[in-house]
Structure formats: C-alpha cells, structure tokens
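Beneath this line is the structure, given in structure tokens, with notes to follow.
The values are calculated or read from the model by the stated rules, or taken from the named source; none is laboratory data. Since the model is a prediction, treat every value here as computed from it, not as a measurement. Don't worry about glycine lacking a Cβ; one is built from the backbone with ideal geometry, like all the others, and counts go over all protein chains shown. The area values use the complete protein model at the heavy-atom level, side chains included, leaving out ligands, DNA and RNA. Shrake-Rupley method; radii C 1.70, N 1.55, O 1.52, S 1.80 Å.
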Amino acid sequence: MSSVTDEIMQALSKAFAAVHEAQVRERQENLLCDQCPMKWFSQLCSEVEGLPAAKAHITIMKRLSFLPTEEKSILIVYEGAETTDIQVQNNILMMLLRAHFENKQATHSILPCLVGV
C-alpha cells in the first residue's frame, strides 16, 4: 500500500512541476495581463517553489485568505480531501487552484493595456 501511495505522490509532484514549467513558458510566450486569473496562480507557483512543505502550505493558505469570498469555495472541496501529510495537502490545494483558475482564464479577455505593466 505504501508503494502505491509513493507512486501517486511522485506522479503528483511530477505533474505539479510540469504545470509550473508550462506556466512559466506560457507567461514568457504569451504575456498575461495583471487581471489574468492564471497570473495569480503563476505567482503563487513561483512563491512556493523550493520552499519546505510547511512554509509552502503557510504561503498557499495566506494567499488564499486574500481571495474574494466566492473564490474561497475551493476550500470546501479541499476539506473533503484533507490528509495529515503537508506535501499532499499542498499538492491537492495547488491542483484545485490550477483547475479553478484555468476555468476562469478560459473566459477571461486579456486586456492589452495591462500586459507587461
């Protein structure tokens, strides 16, 4: 059972790293305006990259606390998936945030006047 958990965690970690790299590449290729939902997510990825799991979790939760109330609905989904492993918690939160902001980005119109500001 432990090896299955380890494999899942490795897959999640690889997926998170791949998403982060893709976000960095996308930001460089297609500049995001200051209002882009994925810009917020990309900045969070940059902030938590390389941090120990506990510090990354604090950073994620702090950034979540500044979101508007309707954006915090992610925490309702997260509550059902809580675990004692902080790294797993971080991976779940980042996965939920990514999906949420990708959905928002799909309907977002980039504002040319705010790109690169």
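For this structure, a couple of remarks:
- Loop-resident chymotrypsin sites (Phe, Trp or Tyr not before Pro) (DSSP state other than H, G, I, E or B) in segment 31-95 with no more than 13 further Cβ atoms inside 10 Å of their Cβ: Phe66.
- Near Cys33, the amide H atoms lying under 5 Å from its own belong to Leu111; only residues 5 or more places off or on other chains count, and H is placed 1.01 Å from N.
- The slack between Thr5 and Glu71, meaning 0.36 nm per residue of separation minus the straight C-alpha distance, is 20.8 nm.
- Links that overshoot a 19 Å alpha carbon limit, given the list Lys72/Lys104; Lys39/Lys72; Lys14/Lys39: Lys14/Lys39
- For segment 40-96, the solvent-accessible area of protein heavy atoms averages 56 Å² per residue (probe radius 1.4 Å; ligands and nucleic acids excluded).
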